[in-house]
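> Take this structure, written in structure tokens, and hold onto it; I'll ask about it next.
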Amino acid sequence: MCNYKKILAGLTAVITSVSTFSVCGVSSISAVNSETDTVRIMSIGDSITHGYINGDNGYRKYFNYYLQQNGITNFDMVGPNNSWSNNSTYNWNGTIINYDPQHAGYSGYAIQSTGGRTGIQETIFNNTYSNNGVSGNMLDAYDPNVIMLQIGTNDLLDCQLDGAGNRLEELVDLILPYVSDEGEMLYLASVPDIDAEIRNDWLGNYRWKLGYTYSENPEAFSEAVQEAVDNYNIMVRNLVAEKQSEGYNIGFTDINSVVDMKSGLDDGCHPNENGYACMGKLWAEVLTETYFGGEFEEETPVVTTTKATTTTTSSTTKVTTTKATTTAKPVTTSATTTAKPVTKPITGDSVVLNDVKLGESYDISAYGEVKSVSFVFNCTPQYGMNGCVAFGNWELSKNYDASMLVDNTLTVELDKSYDSLTIHKWYGDAQLESVVLNTGNVSETTTTKSTTTTIKPTTTTTKPTTTTTKPTTTTTKPTTTTTKPTTTTTKPTTTTTKSTTTTTKPTTTTTKPTAATTKPTTTTTKPITTTVTTSSSDSKTVVLTDVSVSKEYSLKDYKYSDIKKIIVKFDENIGYGFNGSLVLGNWASSTSYTNSDMKSDNTIEFDVTGAYDKMTIFRYWGSVGIESVTLVY
């Protein structure tokens with residue numbers, strides 16, 4: 001049985017977006033006649049789309065089955081995988097399912113090529129495919145009417161959190177022009193949870209963000225992984241809402257809500273047969289009602305085992321599913337009920353609410369007409385921040401970033417009265433100090449906090465009694481102490497000569513540390529041994545030896561502001577490969593590398609475009625060591 005963990009969040013959100021609000025941009029999609037119009041459907045994703053575990057097409061066979069049970073048969077699954085056939089069979093507890101196995105799921109793929117993984121974006125758009133006499137990228141060749149996209153699990157497994165939202169948005173922006181006509185649609189799905197207790201062997205990269213391994217702190221490690229999954233899924237949901245508001249044909253499907261981490265996963269990451277069946281049912285339910293314009297009815301063989309590979313006696317039960325009528329909030333970690341401050345202000349142009357927590361919903365109906373709301377943070381983070389504020393039942397939502405803060409305050413003007421508010425922070429180290437409800441002149445209340453009446457909500461974290469929510473704890477960044485060893489290191493005598501070599505800047509990405517994670521707690525030291533070499537004409541190089549991975553080194557004695565390039569020379573212990581990142585400063589610059597970046601002399605070159613007084617070389621997997629690091633001026 002498939003239990004919805006979050007009040008049918010995906011189904012309700014998609015139905016609301018497509019059927020209720022014309023502003024979402026998908027209301028123009030006409031109901032498709034399933035008897036006359038052949039609909040080309042492409043499933044795109046990673047190993048969960050491919051069907052990893054038993055190799056029998058995962059959720060897609062159940063998706064086919066449930067569509068057929070609802071009278072929808074004139075559809076064609078398309079894609080380059082399994083393209084030699086359009087008919088396969090599967091024995092589901094005695095019921096024979098006939099399904100079309102074609103798809104575009106690829107095991108191990110990430111959103112984009114990163115950290116040594118192949119990207120689904122490059123696979124779709126950088127390769128050439130041929131289908132029925134048409135050649136081009138995957139979408140040109142197969143021309144799908146409906147795209148079901150679920151991607152991001154491998155980015156989460158590798159702790160590739162920085163920039164994940166940007167990578168996904170870039171991929172979505174590339175796909176949307178291909179589903180811009182009437183009768184075309186992109187559905188973007190959340191991803192299942194990851195069970196760190198079972199799958200911590202695949203989560204090794206988190207130690208470099210957290211500063212500890214699973215075995216050292218299982219509870220905190222598991223919470224950090226869960227928070228990463230939750231934040232990613234919230235970002236997916238809000239990306240869909242943003243694109244809908246811009247008029248694109250896009251919907252959201254909350255797969256995470258139907259795959260239980262303990263009963264729905266086979267190996268802590270990939271669904272088992274019960275999990276895949278729940279996925280297929282939800283996908284079919286969403287398309288039946290929001291694309292084909294029907295009413296979903298469930299006819300399911302009684303499941304007696306999680307691995308439905310043997311034939312057993314079966315019976316069928318027909319169930320009519322009643323949909324929730326409330327709009328699901330695009331939040332997976334906050335409570336669904338609102339906390340209500342019990343004291344109502346009598347005088348003053350504004351009301352200050354203290355002890356307001358991020359991710360919680362608060363009832364503000366008692367305060368009359370609120371013209372604007374100011375969110376006061378304790379600081380404007382050095383490396384930025386972003387998030388979203390929502391009013392009512394997500395009737396109004398506004399994204400924000402650090403550039404919108406004035407005196408550490410974000411002010412949002414309201415177009416009408418709303419009965420509740422919620423503020424989310426996706427990234428950044430700032431903490432929310434208070435929320436000011438401005439009922440008078442906006443310009444006065446945003447600058448004069450001394451005239452306000454302070455109200456303290458008596459209930460701020462009310463949880464619904466029927467829904468289990470995940471904790472919204474935030475892992476704060478530890479204070480990193482930079483010290484030098486007591487051993488005195490003699491500065492090298494530097495000989496400067498001229499060189500005619502030129503420096504070519506590689507296309508690297510500078511990222512900032514992900515919010516709600518910690519950096520490794522390290523002590524900054526100097527390299528133990530330094531030697532000086534000179535190259536041909538005008539470049540000076542300093543060679544640092546005895547440099548180890550995951551150890552922070554001070555560059556203050558080496559004219560760090562003049563460094564133009566860093567060359568890392570690895571030893572011969574390459575094995576089956578390796579990857580990692582070079583971090584400069586206090587995570588001000590982070591550049592990923594893999595063994596494929598290494599030259600024939602075992603070196604990898606990194607261009608330096610700023611002044612950084614610290615250096616750390618992380619190796620995420622592999623056993624290769626570092627022979628030396630050369631600073632080029």
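The values are calculated or read from the model by the stated rules, or taken from the named source; none is laboratory data. For clarity, every value in this text was computed on a predicted model and none was experimentally measured. Neighbour counts are summed over all protein chains in view; Cβ atoms, including those assigned to glycine, are modelled from backbone coordinates with ideal geometry. Heads up: the accessible areas ignore ligands, DNA and RNA and are worked out on the full protein's heavy atoms, side chains in. Shrake-Rupley method; radii C 1.70, N 1.55, O 1.52, S 1.80 Å.
> Picking from Ser374, Ser365, which residue would you name as being over 26 Å from Gln244 (Cβ atoms), surrounded by 18 or more Cβ atoms within 10 Å (Cβ to Cβ) and over 24 Å from the mean Cα position of the chain (by Cα)?
After applying the criteria, what remains is Ser374.
> Of these, Gly247, Gly275, Gly251, which one is within 15 Å of Tyr59 (Cβ to Cβ) and of a type in the set (Gly, Ala, Ser)? Working first, answer last.
Details: Gly247 fails: within 15 Å of Tyr59 (Cβ to Cβ); Gly251 fails: within 15 Å of Tyr59 (Cβ to Cβ).
After ruling out the rest, the residue left standing is Gly275.
Matching residues to (1) out of contact with any Ser or Thr (no Cβ under 7 Å at 6 or more places or on another chain); (2) open to solvent by 10 Å² or more (accessible area, probe 1.4 Å); (3) modelled with pLDDT under 90:
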position	(1), (2), (3)
Asn87	yes, yes, yes
Ile96	no, yes, yes
Tyr99	no, no, yes
Ile124	yes, no, no
Ser130	yes, yes, no
Leu174	yes, yes, no
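> In addition: Do you know which residues across the stretch 599-627 are in contact with a helix residue (DSSP H, G or I) (Cβ under 8 Å, 6 or more places away or on another chain) and either within 19 Å of Ser589 (Cβ to Cβ) or in a strand (DSSP E or B) (or both)? Spell out how you get there, then give the answer.
Residues of the stretch 599-627 that are in contact with a helix residue (DSSP H, G or I) (Cβ under 8 Å, 6 or more places away or on another chain), as a first pass: 604, 611-613, 618, 620, 622, 624.
Those that are in contact with a helix residue (DSSP H, G or I) (Cβ under 8 Å, 6 or more places away or on another chain) and either within 19 Å of Ser589 (Cβ to Cβ) or in a strand (DSSP E or B) (or both): Ile604, Ala611, Tyr612, Asp613, Phe618, Tyr620.
> Condition first: within 15 Å of Glu170 (Cβ to Cβ) and not in a helix (DSSP H, G or I). Now tell me which residues in the stretch 112-136 satisfy that.
Matches in the stretch 112-136: Gln112, Ser113, Thr114, Gly119, Asn126.
> Same structure, new question: Asp158 is checked against (1) closer than 29 Å to Asp37 by Cα; (2) open to solvent by less than 40 Å² (accessible area, probe 1.4 Å); (3) among the acidic types (Asp, Glu) and fails just one. What number does that condition carry?
Condition not satisfied by Asp158: (1).
> Report, by residue number, each residue of the stretch 182-212 that is over 17 Å from Asp260 (Cα atoms) and open to solvent by 30 Å² or more (accessible area, probe 1.4 Å).
The initial filter retains those residues of the stretch 182-212 that are over 17 Å from Asp260 (Cα atoms), namely 182-188, 200-212.
Passing the criteria: Glu182, Asn200, Asp201, Trp202, Gly204, Arg207, Trp208, Gly211, Tyr212.
> Could you say which residue among Glu285, Glu295 is charged (D, E, K, R) and modelled with pLDDT of 90 or more?
Glu285
> Need a quick list: helices (runs of 4 or more DSSP H) entirely within the stretch 180-275 having at least 1 residues that are β-branched (Val, Ile, Thr).
Details: elements: 196-199, 206-210, 218-245.
Per the criteria, 196-199, 218-245.
> Something else now. Out of the stretch 139-155, which residues are under 13 Å from Phe125 (Cα atoms) and open to solvent by less than 30 Å² (accessible area, probe 1.4 Å)?
Listed by number, the residues that qualify are Leu139, Ala141, Tyr142.
> Give just the number: which of (1) under 30 Å from Ser590 (Cα atoms); (2) surrounded by fewer than 21 Cβ atoms within 10 Å (Cβ to Cβ) does Ile120 not satisfy?
Condition not satisfied by Ile120: (2).
> Taking the residues in the stretch 568-584 that are in a loop (DSSP other than H, G, I, E, B) and modelled with pLDDT under 85 as candidates, determine which candidate is surrounded by the most Cβ atoms within 10 Å (Cβ to Cβ).
Within the stretch 568-584, the match that is surrounded by the most Cβ atoms within 10 Å (Cβ to Cβ) is Phe578.
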